[in-house]
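Worksheet: one structure, shown below.
The values are calculated or read from the model by the stated rules, or taken from the named source; none is laboratory data. A quick note: this is a predicted structure, and the numbers were derived from the prediction, not measured. Heads up, the Cβs are rebuilt from the backbone with ideal geometry, glycines too, and the neighbour counts pull from every protein chain shown.
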Amino acid sequence: MIKAADLKKSSVVDIDGVPHTIENIQLSTPTARGGNTIYRVRFRNVATKQKVDKSYKGGDALQEASYETSDVQYLYQDGDRYTFMDLETFDQFELFEDDIEEALPFLIADMENITAMMSDGKVLAIRMPPTLEMEVVDCPPSMKGASATSRTKPATLPTGLIVQVPEYIAPGEIIKIDTEERKYLSRA
(Lines give C-alpha, C1' and ligand atoms only; values in the text may rest on other atoms or scores of the structure.)
Protein backbone atom coordinates (compact mmCIF):
# COMPACT_ATOMS: atom_id res chain seq x y z
CA MET A 1 0.00 0.00 0.00
CA ILE A 2 1.16 3.50 -0.82
CA LYS A 3 -0.28 6.74 0.57
CA ALA A 4 -1.56 9.41 -1.81
CA ALA A 5 0.94 11.88 -0.32
CA ASP A 6 3.81 9.58 -1.42
CA LEU A 7 2.70 9.18 -5.05
CA LYS A 8 5.19 10.09 -7.78
CA LYS A 9 4.97 10.13 -11.55
CA SER A 10 7.00 6.94 -11.63
CA SER A 11 4.52 5.02 -9.43
CA VAL A 12 2.34 2.21 -10.79
CA VAL A 13 -0.98 1.68 -8.97
CA ASP A 14 -3.66 -1.01 -9.19
CA ILE A 15 -7.13 0.41 -9.88
CA ASP A 16 -9.82 -2.28 -10.04
CA GLY A 17 -7.13 -4.93 -10.57
CA VAL A 18 -5.59 -3.18 -13.60
CA PRO A 19 -2.18 -1.45 -13.44
CA HIS A 20 -2.24 2.31 -14.08
CA THR A 21 0.72 4.65 -14.45
CA ILE A 22 0.57 8.16 -13.00
CA GLU A 23 0.53 10.84 -15.66
CA ASN A 24 -0.03 13.97 -13.57
CA ILE A 25 -0.44 14.99 -9.93
CA GLN A 26 -1.96 18.30 -8.80
CA LEU A 27 -2.08 19.49 -5.22
CA SER A 28 -4.99 21.52 -3.92
CA THR A 29 -4.68 22.99 -0.44
CA PRO A 30 -7.90 24.48 0.93
CA THR A 31 -7.47 27.69 2.88
CA ALA A 32 -10.27 26.83 5.27
CA ARG A 33 -9.27 25.84 8.74
CA GLY A 34 -8.75 22.11 9.08
CA GLY A 35 -8.88 21.55 5.32
CA ASN A 36 -6.95 18.55 4.05
CA THR A 37 -4.66 18.70 1.06
CA ILE A 38 -6.32 17.08 -1.93
CA TYR A 39 -4.29 15.19 -4.53
CA ARG A 40 -5.86 15.19 -7.99
CA VAL A 41 -4.24 12.39 -9.94
CA ARG A 42 -4.51 11.52 -13.62
CA PHE A 43 -3.81 7.85 -14.23
CA ARG A 44 -3.36 6.07 -17.56
CA ASN A 45 -4.50 2.47 -17.97
CA VAL A 46 -1.48 0.44 -19.10
CA ALA A 47 -3.51 -1.90 -21.33
CA THR A 48 -6.06 0.44 -22.98
CA LYS A 49 -4.20 3.80 -22.58
CA GLN A 50 -7.46 5.27 -21.23
CA LYS A 51 -7.16 8.21 -18.80
CA VAL A 52 -8.68 8.03 -15.31
CA ASP A 53 -8.96 11.06 -13.00
CA LYS A 54 -9.29 10.55 -9.24
CA SER A 55 -8.95 12.69 -6.12
CA TYR A 56 -7.46 11.58 -2.80
CA LYS A 57 -6.65 12.97 0.62
CA GLY A 58 -3.00 12.70 1.74
CA GLY A 59 -3.59 9.70 4.02
CA ASP A 60 -5.66 7.65 1.56
CA ALA A 61 -4.01 4.32 0.74
CA LEU A 62 -3.71 2.94 -2.77
CA GLN A 63 -2.66 -0.54 -3.86
CA GLU A 64 0.71 -0.59 -5.63
CA ALA A 65 0.81 -2.78 -8.71
CA SER A 66 3.15 -5.75 -8.56
CA TYR A 67 5.87 -5.51 -11.15
CA GLU A 68 9.43 -6.55 -11.81
CA THR A 69 12.20 -4.11 -12.69
CA SER A 70 14.89 -4.58 -15.27
CA ASP A 71 17.82 -2.43 -16.37
CA VAL A 72 17.43 -1.40 -20.00
CA GLN A 73 19.34 0.55 -22.61
CA TYR A 74 17.75 2.98 -25.07
CA LEU A 75 18.89 2.07 -28.58
CA TYR A 76 17.21 4.20 -31.24
CA GLN A 77 14.06 5.95 -32.50
CA ASP A 78 12.08 4.91 -35.58
CA GLY A 79 9.28 7.40 -36.21
CA ASP A 80 7.12 7.45 -33.07
CA ARG A 81 8.57 4.13 -31.82
CA TYR A 82 11.49 3.95 -29.40
CA THR A 83 13.51 0.75 -29.14
CA PHE A 84 15.02 -0.44 -25.85
CA MET A 85 17.06 -3.51 -24.94
CA ASP A 86 16.96 -5.48 -21.69
CA LEU A 87 20.56 -5.59 -20.43
CA GLU A 88 20.15 -9.03 -18.82
CA THR A 89 18.37 -11.00 -21.57
CA PHE A 90 19.27 -8.76 -24.54
CA ASP A 91 15.61 -8.85 -25.64
CA GLN A 92 14.50 -5.75 -27.51
CA PHE A 93 11.12 -4.04 -27.14
CA GLU A 94 9.46 -0.95 -28.55
CA LEU A 95 7.47 1.75 -26.80
CA PHE A 96 5.42 4.46 -28.44
CA GLU A 97 6.10 8.16 -27.99
CA ASP A 98 2.89 8.58 -25.94
CA ASP A 99 4.03 5.88 -23.49
CA ILE A 100 7.34 7.57 -22.60
CA GLU A 101 6.47 11.25 -22.95
CA GLU A 102 8.09 12.16 -19.61
CA ALA A 103 11.43 10.55 -20.57
CA LEU A 104 11.74 11.97 -24.10
CA PRO A 105 13.71 15.13 -23.16
CA PHE A 106 16.47 12.94 -21.71
CA LEU A 107 16.81 10.04 -24.17
CA ILE A 108 20.10 9.86 -26.07
CA ALA A 109 21.04 6.86 -28.26
CA ASP A 110 22.81 4.04 -26.36
CA MET A 111 21.82 5.53 -22.95
CA GLU A 112 21.89 3.11 -20.01
CA ASN A 113 20.77 3.33 -16.33
CA ILE A 114 17.10 3.29 -17.36
CA THR A 115 14.74 1.03 -15.39
CA ALA A 116 11.81 -0.73 -17.06
CA MET A 117 8.85 -1.76 -14.90
CA MET A 118 7.29 -4.97 -16.24
CA SER A 119 4.32 -7.14 -15.37
CA ASP A 120 3.40 -10.40 -17.11
CA GLY A 121 6.08 -9.79 -19.75
CA LYS A 122 4.62 -6.40 -20.70
CA VAL A 123 6.47 -3.12 -20.07
CA LEU A 124 4.33 -0.83 -17.90
CA ALA A 125 6.62 2.20 -17.85
CA ILE A 126 10.25 3.27 -17.87
CA ARG A 127 11.92 5.21 -15.10
CA MET A 128 14.81 7.57 -15.75
CA PRO A 129 17.62 7.92 -13.18
CA PRO A 130 17.11 10.84 -10.74
CA THR A 131 20.05 12.78 -12.21
CA LEU A 132 21.74 12.73 -15.59
CA GLU A 133 24.91 14.26 -16.96
CA MET A 134 24.43 16.01 -20.30
CA GLU A 135 26.54 18.27 -22.48
CA VAL A 136 25.49 21.87 -23.15
CA VAL A 137 25.13 22.14 -26.93
CA ASP A 138 24.20 25.81 -27.21
CA CYS A 139 23.83 28.81 -24.92
CA PRO A 140 24.56 32.53 -25.04
CA PRO A 141 28.22 33.41 -24.42
CA SER A 142 29.39 33.53 -20.81
CA MET A 143 29.82 36.96 -19.37
CA LYS A 144 33.16 38.09 -18.04
CA GLY A 145 33.12 38.36 -14.26
CA ALA A 146 29.90 36.34 -13.87
CA SER A 147 29.62 34.69 -10.46
CA ALA A 148 27.92 31.49 -9.34
CA THR A 149 25.09 33.38 -7.65
CA SER A 150 24.29 35.72 -10.54
CA ARG A 151 21.60 35.53 -13.18
CA THR A 152 20.80 32.51 -15.31
CA LYS A 153 20.59 31.96 -19.05
CA PRO A 154 18.93 29.30 -21.23
CA ALA A 155 21.08 26.35 -22.34
CA THR A 156 20.11 23.79 -24.97
CA LEU A 157 20.98 20.13 -24.40
CA PRO A 158 21.50 17.45 -27.12
CA THR A 159 17.86 16.30 -26.87
CA GLY A 160 16.50 19.82 -27.40
CA LEU A 161 15.62 20.30 -23.72
CA ILE A 162 16.26 23.88 -22.56
CA VAL A 163 17.27 24.47 -18.93
CA GLN A 164 18.30 27.60 -17.06
CA VAL A 165 21.99 27.55 -16.11
CA PRO A 166 24.31 30.07 -14.38
CA GLU A 167 25.92 32.64 -16.68
CA TYR A 168 29.40 31.12 -16.36
CA ILE A 169 28.37 27.86 -18.14
CA ALA A 170 29.67 27.63 -21.73
CA PRO A 171 28.81 25.32 -24.67
CA GLY A 172 30.61 21.99 -24.45
CA GLU A 173 30.47 21.75 -20.64
CA ILE A 174 28.93 18.72 -18.97
CA ILE A 175 26.21 19.54 -16.41
CA LYS A 176 24.02 17.53 -14.02
CA ILE A 177 20.27 17.68 -14.60
CA ASP A 178 17.47 16.73 -12.18
CA THR A 179 15.16 14.55 -14.32
CA GLU A 180 12.14 15.01 -12.04
CA GLU A 181 12.25 18.83 -11.91
CA ARG A 182 13.99 19.25 -15.30
CA LYS A 183 16.49 21.73 -13.98
CA TYR A 184 20.21 22.35 -13.61
CA LEU A 185 21.91 21.00 -10.48
CA SER A 186 25.65 21.55 -10.95
CA ARG A 187 28.64 21.05 -13.19
CA ALA A 188 29.56 17.40 -13.63
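Things to note:
- Residue that is farthest from the chain's Cα centre (by Cα), among those in segment 121-130 that are farther than 10 Å from Pro19 by Cβ and either part of a strand (DSSP E or B) or not small (Gly, Ala, Ser) (or both): Val123
- Residue match in segment 120-132 (condition: touching an Asp or Glu at 6+ places or on another chain (Cβ under 8 Å) and of a type in the set (Lys, Arg)): no
- Each residue in segment 43-57 was checked for being at pLDDT below 85 and surrounded by 15 or more Cβ atoms within 10 Å (Cβ to Cβ), and 3 of them qualify.
- Counting only residues that are in a strand (DSSP E or B) and loosely packed, with under 14 Cβ neighbours inside 10 Å, segment 95-115 holds 1 of them.
- Flag if Met118 is farther than 26 Å from His20 by Cα and in a strand (DSSP E or B): no
- Some residue of segment 35-43 being within 22 Å of Leu124 (Cα to Cα) and in contact (Cβ under 8 Å) with a residue 24 or more places away in the chain: yes
- Test: residue in segment 139-157 that is surrounded by 13 or more Cβ atoms within 10 Å (Cβ to Cβ), out of contact with any Ser or Thr (no Cβ under 9 Å at 6 or more places or on another chain), at pLDDT 90 or above and in a loop (DSSP other than H, G, I, E, B): yes
- The strands (runs of 3 or more DSSP E) located wholly in segment 1-86 that include 3 or more residues which are hydrophobic (A, V, I, L, M, F, W, C) occupy 12-15, 18-28, 38-45.
- Top-ranked residue of segment 21-34 - restricted to ones that are closer than 19 Å to Ala125 by Cα and at pLDDT below 85, ranked as surrounded by the most Cβ atoms within 10 Å (Cβ to Cβ): Thr21
- Condition met for Val136 (touching a Pro at 6+ places or on another chain (Cβ under 9 Å) and either modelled with pLDDT of 90 or more or within 25 Å of Asn45 (Cβ to Cβ) (or both)): yes
- Here Ile38 clears all of (1) surrounded by 15 or more Cβ atoms within 10 Å (Cβ to Cβ); (2) out of contact with any strand residue (DSSP E or B) (no Cβ under 9 Å at 6 or more places or on another chain) except the condition numbered (2).
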